[in-house]
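The values are calculated or read from the model by the stated rules, or taken from the named source; none is laboratory data. Just so we're clear, the structure is a prediction, and the values are computed from it rather than from any experiment. As a convention, Cβ positions derive from the backbone with ideal geometry for all residues, glycine included, and neighbour counts pool all protein chains shown.
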Amino acid sequence: MGDRFSMFEWDEKEQRWQSLHHPFTAPTTEDAEALISNPGAALSRAYDLVLNGIELGGGSIRIHSAKLQRAVFQILGIGQAEAEENLPTCSRHFATAVLLTRCGIWLR
């Protein structure tokens with residue numbers, strides 16, 4: 001299983017950091033200040049499941065800390081207003097994912 005993935009990548013064209021998985025993937029550190037001070041060194045808690053060189057699936061651990069989430073948004077250039085405007089959408093996606101996961105467990 002592959003589990004050593006960078007959290008961010010510098011986009012030369014746009015001159016800003018990009019999230020390599022998505023902005024809700026947890027970093028391996030819980031230190032928001034360290035994350036902000038050196039985003040290029042940050043590793044994510046994302047993973048790929050690979051068998052004989054073929055990717056079978058992947059995913060990530062989500063951020064569970066508001067302070068850490070704000071730090072990631074800051075690195076990505078997502079302001080407070082933009083984040084708050086889009087949070088209801090994110091919440092709906094989260095609720096749907098939890099519901100589908102739970103239904104999958106119940107159907108077993």
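Here are the numbers:
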| item | result |
| --- | --- |
| Complete set of residues in region 1-43 that are of a type in the set (Gly, Ala, Ser) and either touching a Phe, Trp or Tyr at 6+ places or on another chain (Cβ under 7 Å) or under 25 Å from Leu56 (Cβ atoms) (or both) | Gly2, Ser6, Ser19, Ala26, Gly40, Ala42 |
| Leading residue by the ranking (surrounded by the most Cβ atoms within 10 Å (Cβ to Cβ)) among those in region 1-35 that are more than 15 Å from the chain's Cα centre (by Cα) and part of a helix (DSSP H, G or I) | Ala34 |
| Verdict on Gly79 being in contact (Cβ under 8 Å) with a residue 24 or more places away in the chain, closer than 19 Å to Trp17 by Cα and either surrounded by fewer than 12 Cβ atoms within 10 Å (Cβ to Cβ) or not assigned by TED's automatic domain parsing to the domain that holds His22 (or both) | no |
| Among residues of region 42-75, those that are β-branched (Val, Ile, Thr) and surrounded by fewer than 13 Cβ atoms within 10 Å (Cβ to Cβ), counted | 1 |
